[in-house]
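In what follows, a single structure is set out as structure tokens and then discussed.
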Amino acid sequence: QVQLVESGGGLVQPGGSLRLSCSASEIMFSHYTMTWYRQAPGKQRGLVATITSDGSTNYVDSVKGRFTISRDDAENTVNLQMNSLKPEDTAVYYCNAVNFFGDYWGQGTQVTVSS
């Protein structure tokens with residue numbers, strides 16, 4: 001059974017950093033485009049950052065220059081380094097794996113940016 005497990009969320013002060021990780025099992029990880037989404041209370045889930053199987057990346061404008069997505073295909077892991085965090089980054093962050101053969105989601109990890 002495919003599993004995506006996020007970790008690394010928590011409470012951080014504005015201007016701080018967090019590193020989210022998503023570990024995948026039972027998929028050919030290197031063949032999947034991996035994406036981080038987030039959903040704030042009362043808002044729709046939206047794309048944060050994505051990395052394709054060949055390493056190409058894309059970011060929503062609001063996180064460009066602050067967040068970095070990376071993948072380790074040997075470890076079946078995708079990471080999201082988040083720097084200069086702002087209160088508006090507060091949300092549940094979800095990991096997604098997608099390709100022609102499947103579309104999988106993790107359970108999410110809470111990120112709260114507050115003083």
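Return a yes/no flag: does the range 19-28 have any residue that is open to solvent by 30 Å² or more (accessible area, probe 1.4 Å), modelled with pLDDT under 95, in contact with a Lys or Arg (Cβ under 9 Å, 6 or more places away or on another chain) and not charged (D, E, K, R). No - not one qualifying residue is present in the range 19-28.
Among the residues that make up the range 2-16, is at least one of them hydroxyl-bearing (Ser, Thr, Tyr) and farther than 14 Å from Trp105 by Cα?
No, because not a single residue in the range 2-16 is hydroxyl-bearing (Ser, Thr, Tyr) and farther than 14 Å from Trp105 by Cα.
Listed here are the residues, each with its yes/no results for (1) closer than 14 Å to Gly102 by Cα; (2) touching a Cys at 6+ places or on another chain (Cβ under 6 Å); (3) among the hydroxyl-bearing types (Ser, Thr, Tyr).
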| residue | (1), (2), (3) |
| --- | --- |
| Gln1 | yes, no, no |
| Val5 | no, no, no |
| Gln13 | no, no, no |
| Arg19 | no, no, no |
| Thr35 | yes, no, yes |
| Gln39 | no, no, no |
| Gly42 | no, no, no |
| Leu47 | no, no, no |
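Checked against (1) within 14 Å of the chain's Cα centre (by Cα); (2) surrounded by fewer than 20 Cβ atoms within 10 Å (Cβ to Cβ); (3) closer than 18 Å to Val113 by Cβ, Val12 passes all but condition (1). Of the residues making up the range 80-112, those that are modelled with pLDDT under 95 and in a loop (DSSP other than H, G, I, E, B) are Phe100, Phe101.
Restricting attention to the range 87-115, the residues being in contact (Cβ under 8 Å) with a residue 60 or more places away in the chain, in contact with a strand residue (DSSP E or B) (Cβ under 6 Å, 6 or more places away or on another chain) and more than 18 Å from Val5 (Cβ to Cβ) number 3.
Quick one: in the range 60-91, of everything that is over 24 Å from Phe29 (Cβ atoms) and of a type in the set (Gly, Ala, Ser), which residue is least open to solvent (accessible area, probe 1.4 Å)? The qualifying residue least open to solvent (accessible area, probe 1.4 Å) is Ala91. A single member of Tyr94, Tyr37, Tyr32 is open to solvent by less than 20 Å² (accessible area, probe 1.4 Å) and of a type in the set (Phe, Trp, Tyr), and it is Tyr32.
The values are calculated or read from the model by the stated rules, or taken from the named source; none is laboratory data. It should be emphasised that the depicted structure is a prediction, and the values quoted were computed from it without experimental measurement. Here Cβ is always computed from backbone atoms with ideal geometry, including for glycine, and neighbour counts include all displayed protein chains. Ligands, DNA and RNA are excluded from the accessible area calculation, which covers all protein heavy atoms including side chains. Shrake-Rupley method; radii C 1.70, N 1.55, O 1.52, S 1.80 Å.
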